[in-house]
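Below you'll find the structure, written out as structure tokens, and then a few comments.
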Amino acid sequence: MHIKQGDLIQLALSGEFDVIVHGCNCHCQMGRGIALTIKKLLPEAYAADCQTPKSDKNKLGTISVAEIKRHQLSFVVVNAYTQFDWAGEGVKADYQAIRQVMKAIKQQFSGKRIGYPKIGAGLAGGDWQIIYPIICQELEGEHHTLVEYIG
């Protein structure tokens with residue numbers, strides 16, 4: 001895992017990544033955090049999210065994908081369904097779902113430059129000390145970068 005400080009979306013828009021990944025709930029909301037920014041700046045990703053069944057627990061551990069094209073630039077946004085809900089107290093991140101989405105990302109995007117924030121450790125309340133090794137295990141051998149947001 002590489003670690004870089006910056007803005008994941010702006011880095012993708014500047015050609016730094018082939019694939020960016022962010023955690024989503026299963027309710028087609030994208031209403032807070034980086035998901036909201038993606039919804040506003042990269043509406044194709046929200047459209048892909050809306051093509052999935054709303055409020056379906058079976059989405060946990062799966063992904064939806066949107067290709068983003070801006071001028072000569074092209075990259076993919078992965079909506080990673082890593083939590084069922086967003087409301088209420090406690091940890092919303094589902095560690096097994098995080099493992100499953102990372103397996104799917106490796107299978108579908110092996111060899112690509114992959115960037116992501118601290119998936120599951122922000123608004124979802126997950127423990128980065130648990131999530132970090134899961135990502136490293138599942139993306140072993142891939143070029144993947146944690147982008148720590150600097151706004």
- Query: Within the stretch 85-111, restricting attention to residues that are over 14 Å from the mean Cα position of the chain (by Cα) and buried (at least 17 other Cβ atoms within 10 Å of the Cβ), which residue is modelled with the highest pLDDT?
  - Reply: Lys92
- Consider Ile150 carefully, then state whether it is at pLDDT 95 or above and more than 15 Å from Val21 (Cβ to Cβ). no
- Query: Say we look at the stretch 112-147 and pick out the residues that are among the small types (Gly, Ala, Ser) and at pLDDT below 95; which of these is surrounded by the most Cβ atoms within 10 Å (Cβ to Cβ)?
  - Reply: Gly120
- Item | Check on Leu73, closer than 19 Å to Leu123 by Cβ, surrounded by fewer than 18 Cβ atoms within 10 Å (Cβ to Cβ) and either β-branched (Val, Ile, Thr) or touching a helix residue (DSSP H, G or I) at 6+ places or on another chain (Cβ under 8 Å) (or both) | no
- Note on the structure: Across the stretch 44-57, the tally of residues that are within 17 Å of Gly23 (Cβ to Cβ), in a helix (DSSP H, G or I) and either over 18 Å from the mean Cα position of the chain (by Cα) or not hydrophobic (A, V, I, L, M, F, W, C) (or both) stands at 3
- Of the residues in the stretch 1-22, those that are within 17 Å of Ala104 (Cα to Cα) and either modelled with pLDDT under 95 or of a type in the set (Asp, Glu) (or both) come to Asp18
- Task: Look through the stretch 59-73, keep the residues that are of a type outside the set (D, E, K, R) and in a strand (DSSP E or B), and return whichever of them is farthest from the chain's Cα centre (by Cα).
- Result: Leu73
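For the stretch 28-41, how many residues meet the condition of being outside any helix (DSSP H, G or I) and either more than 13 Å from the chain's Cα centre (by Cα) or surrounded by fewer than 15 Cβ atoms within 10 Å (Cβ to Cβ) (or both)? Before you say what the answer is, go through the steps one by one.
So in the stretch 28-41, the residues outside any helix (DSSP H, G or I) come out as 28-32.
Checking the rest, the ones that are also either more than 13 Å from the chain's Cα centre (by Cα) or surrounded by fewer than 15 Cβ atoms within 10 Å (Cβ to Cβ) (or both) come to 28-29, 31-32.
Number of matching residues: 4.
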- Query: How do the pairs read when you match residues in the stretch 94-119 that are within 17 Å of Ala66 (Cα to Cα) and in a helix (DSSP H, G or I) with residues anywhere that are modelled with pLDDT of 95 or more and small (Gly, Ala, Ser), using Cβ under 7 Å and keeping only pairs 6 or more apart or on different chains?
  - Reply: Val101/Gly61; Val101/Ala80
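The values are calculated or read from the model by the stated rules, or taken from the named source; none is laboratory data. Note that the structure is a prediction, hence the values are computed from the model and not measured. Quick reminder, even Gly has a Cβ in these numbers, built from the backbone with ideal geometry, and neighbours come from all protein chains shown.
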